[in-house]
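Rule-based calculations on the coordinates, nothing more; no lab input. The structure displayed is predicted, hence computed values, not measured ones. Backbone-built Cβ (ideal geometry, glycine too); neighbour counts: all protein chains shown.
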Amino acid sequence: MTQSAIVAEELTYQYNDLVAVDHISFSVAEGEILGFLGPNGAGKTTTVKMLTGQLRPQQGKAYLLGLDITKNVDKVQAEIGVCFEVTNLYEQMTAVENLNLFARLFDVRPFDAEALLERVGLLGRGHDRVETYSKGMKQRLMVARAILNRPRVLFLDEPTAGLDPTSAEAIRSVILEERTRGATVFLTTHDMMEADKLSDRVAFMNQARIVALDTPHNLKQKYGQRALKAKVVNRNGELEDRGVLMDTPDTPRLVEDLFASEKVVTIHSEEATLEDIFIRITGRGLVG
Amino acid sequence: MNSRHVVTLAQKDLAIFFRNRFFAVITVLGLIGFLVMYFVMPRSGDATLKLGLYVPVEVPVFEQLQEEGLAIERVASEDVVRQAVSDGRFIAGISLPADILARLLAGDRPTVRLFFAADTPQEAKDAVAAILQELGYRMTGRSLPIEVSEEVLGPDLAGTPLPPRVRLRPLLAVMLLMMETMGLATLISEEIERRTIHALLVTPATVADVFAAKGIAGMSLAFGQAALFMGIVGGLSQQPLVVLAALFLGAVLVIAAGFLIGAVAKDMLSVLGWSMPVIIILLIPSIGVAVPGSVTGWIRTLPTYYLVDAVHRASSFGAGWETVWQNLLILAGFDLVLAWLGVVFLRRRMR
C-alpha cells in the first residue's frame, strides 16, 4: 500500500470570526498529484499555509511524510517546495542569485542554477535582474525555486494563472516531471482543465470545507451527465444545435428520431467538465 | 538559529541594499559629506562663554559685565544655576551669597560658589576667575577678598578648549548611525510587502535567522560607517574601545528603530515619512554637544543622549569605562526595550 505523503485530520483555522478552514480531512499518496479546487476565499491558501508550516492549525493535525508538522517544522520544510500564487522573488537580484540564495538555505550542494533554468526555459536569462522579466518568466523562475531542493512534496498555488500558453505548458511539463521523479504534488488552481489534465484526484473546497474528493473520472461518473451534441440544418438552411442526454432509457429512441427528422451535419459526445460538477455540487462557479 | 542561514541572508540583505541606488548613494555620499564637513570646520575654538549668575541682591555693576565673547544670564536661585550648568545651558555658573556686600564692607571674606560643567575647558574656568576679579575692581577698586568654592557637576573633564570640529564629531558619527535606520527599515518593509519573507519561511531558515540577518546587515552598515568615520577623523585616538562600545550600542538602537519602522511602514516613502521625525528627534542630543547650551535637561529622556555623551566624553576627553559605564548601561537598557518592541511589532506584521 502506498504511504501517504500528506495527511490532514480535522484541520481548522479561523481568522477572528471568519472560519477559513473548517474541520477538513484528506490524505495524498506519495507520488500523487492532488488538484485542490475552489473559488477565492474557499480556504485553499489557508490550508496550504497550515500544510507548509506557515500557520499553526487551531484544531486538528497535519502530517507530512509521517511527521507532525507543528512539531517538526524544520524537518518538514527541508523536504518541501512551495510556489506561491503571488510573485515573491528578489527582483533586484538575478535569477541565478535568487536560486543560489535558496540553494544555500536548503544546503543543496553541488547546485547547478543554469541546469535548473534550462528546465524551465530560462537558459540565457539567468544573469538578468528579475525585475526585467515578464510575468511568465517570473512564474517559471518561481517554479524553479520551488523544485531546487528536489522536494518530496511540492505545493503549487495557481502556478499557471494568467500566463501565456507557452509558459503555462512549460510549467505543466515540470509538474509532470516532478511527479515522475516521485514527488507528491499539491496543486491549487482555478483552472479545471489544468486540474483535469494533471491531477490524479481533485478536491473541491467550498466555504471552508471539502465537498468532494475523488478522481476526475469518478466525479464525472458520479455527478456529470454525458450528452450527444449535434448540429443540424433547419428548414431555412441554417445550422442549429441539438442535444440528447445519454445514459437514459429514452436515449436510443431520441437518437433515432433526431436522424429521422433532422438533417444532421455533425454529432459528438460530450462529458461534463469539472466546473459543471463543481457548480452542481456547490451551486456556484469556481471563479469569484 | 543557524549561522549559515544568517550569513547567507545578511549577504543577501547587503547586496539588495547596495542595489537600491538611493541608499547606495546616500550611504557613500553621507560618509564623504560628513568627512568633508568635519575637515572644513575650524581647528580651534572661539565660542562665546555663556555664564549663569545668581545674585540675590541688586548689584548694578553686573549689568556692565556684558563683554564680547561673554554672555551672562541672571537666574532665580542657586539651584537653578546648578541645574542649568548640569544641563549644558551654561558653561559655568556663579552664585553669590546674599550678604556679600555687608561682609565685604565688614572686612570678612564671603564665599562665592562656582559651578562648572564636566567638560568646561580650563580657559573658561580661568575666564570666570578673571570675571570675578573684574567684578571686584568695579565694586571696590581692588581685588576682592573672597573665598571661592568650585563644584564640578559630573566628572571633571577639564582640559584644552574643544575646537568646533571635535564638538561636531559625535554629531556626525551619530548622524551616520541614524541614517541607516532608513535603509534597514526599507529592507524589512520590502521583505514583507513583496512577500519574499514567506518564501524564506518555508525553507529551513527560521524567523530568528531572518531577524538576526537583518540585525547583522544593519549593524554592518551603521556601526561600520560610524566606526570608519571616527577612525578617519581621529575619534578613536583616545579610548577606542569605549568609543566603539558606545557606537555598537548605538547601532543596536538603530536596528531596533529600523525594526519598529519596518513593522509599520508600507513602502519606501512611508519609511522616509516615519524615519525622518524619529531621526531628527534622536539627533537632538548630538546638537547639544556640538552647540553647548542649545538644549535643556529633557534630552536625557532620549536614548541617544547617553550615546552622544559617552562618545563625546571618551573621544574628546579620553574618559574611560569608569566615567561612561552608566551611560552605556542606560543605553543598553534602551536598546533591550526597543529591540524587544521591534521584534514583537515585526512578528505581528509578518503574520
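The mean sequence separation of alpha-carbon pairs under 8 Å and at least six residues apart, normalised by the residue count of chain A, gives a relative contact order of 21 percent. Among the trypsin sites (Lys or Arg not before Pro) in the range B:228-330, those placed in a DSSP loop whose Cβ has at most 13 other Cβ atoms within 10 Å are B:K266. Spatially, the range B:160-227 and the range B:232-258 are offset by 13 Å when compared through their Cα centroids. Think of chain B as a dipole: +1 on every Lys or Arg Cβ, -1 on every Asp or Glu Cβ, centred on the Cα centre; then among B:L253, B:F116, B:A199, B:A199 lies furthest on the positive end.
Simple rule: put +1 on each Lys or Arg Cβ and -1 on each Asp or Glu Cβ in the range A:1-137, find the dipole, and look at A:S25, A:Q59, A:L99; the Cα lying farthest toward the positive end is A:Q59. Computed about the Cα centre, the dipole magnitude for the range B:235-351 is approximately 480 debye when only Lys and Arg (+1) and Asp and Glu (-1) carry charge, each at its Cβ. Pairs from the table (A:K44/A:K220; A:K135/B:K214; A:K138/B:K12; A:K49/A:K71; A:K71/A:K197; A:K135/A:K220) lying more than 25 angstrom apart at Cα are A:K135/B:K214; A:K71/A:K197; A:K135/A:K220.
Reported value for the protein assembly as shown: 226 Å³ per residue, from the convex hull of its C-alpha atoms. With a 10 Å cut-off around each Cβ of B:12-20, the average count of Cβ atoms from other chains is 3. Amide H contacts for A:R226 (H built 1.01 Å from N in the peptide plane; partners 5 or more residues away or on another chain; cut-off under 5 Å): A:M246.
Taking amide H positions as modeled 1.01 Å from N, with prolines and chain starts lacking one, the residues under 5 Å from A:G38 and 5 or more places away or on another chain are A:T189, A:M205.
Lys/Arg Cβ at +1, Asp/Glu Cβ at -1, dipole of the protein assembly as shown taken about the Cα centre: which of B:S270, A:V255, B:Q225 is farthest positive-ward? Result: A:V255, furthest along the dipole toward the positive end. Per residue of peptide B:191-202, the mean number of Cβ atoms on other chains within 10 Å of the residue Cβ is 6. Of all beta bridges that DSSP places with both ends in chain A, some 65 percent have antiparallel geometry. Our coupling estimate for the range A:121-133, obtained by passing each phi through the Karplus curve with A = 6.51, B = -1.76, C = 1.60 and θ = phi - 60°, is x, 10, 4, x, 10, x, 9, 8, 5, 5, 4, 8, 7 Hz, Gly and Pro reported as x. In a reduced charge model with +1 at each Lys and Arg Cβ and -1 at each Asp and Glu Cβ, chain B shows a dipole moment near 1560 debye about its Cα centre. Note on B:K266: aspartates and glutamates with a C-alpha under 17 Å away, same-chain residues under 8 apart excluded, are B:E190, B:E191, B:E193.
Phi angles of the range A:255-266 translate, via the Karplus equation with coefficients 6.51, -1.76, 1.60 and θ = phi - 60°, into HN-Hα couplings of 5, 4, 4, 4, 5, 6, 9, 10, 8, 7, 9, 9 Hz per residue; Gly and Pro are given as x.
Computed over neighbours whose Cβ is under 13 Å from that of B:R19, the net charge equals -2, Lys and Arg +1, Asp and Glu -1. Each Lys or Arg adds one and each Asp or Glu subtracts one; over the other residues with Cβ under 12 Å from the Cβ of B:R82, this totals -2.
Each other residue within a Cβ distance under 11 Å of A:S269 adds +1 if Lys or Arg and -1 if Asp or Glu, for a net charge of -1. Sorting B:S3, A:S199 from the fewest to the most surrounding beta carbons within 10 angstrom yields B:S3, A:S199.
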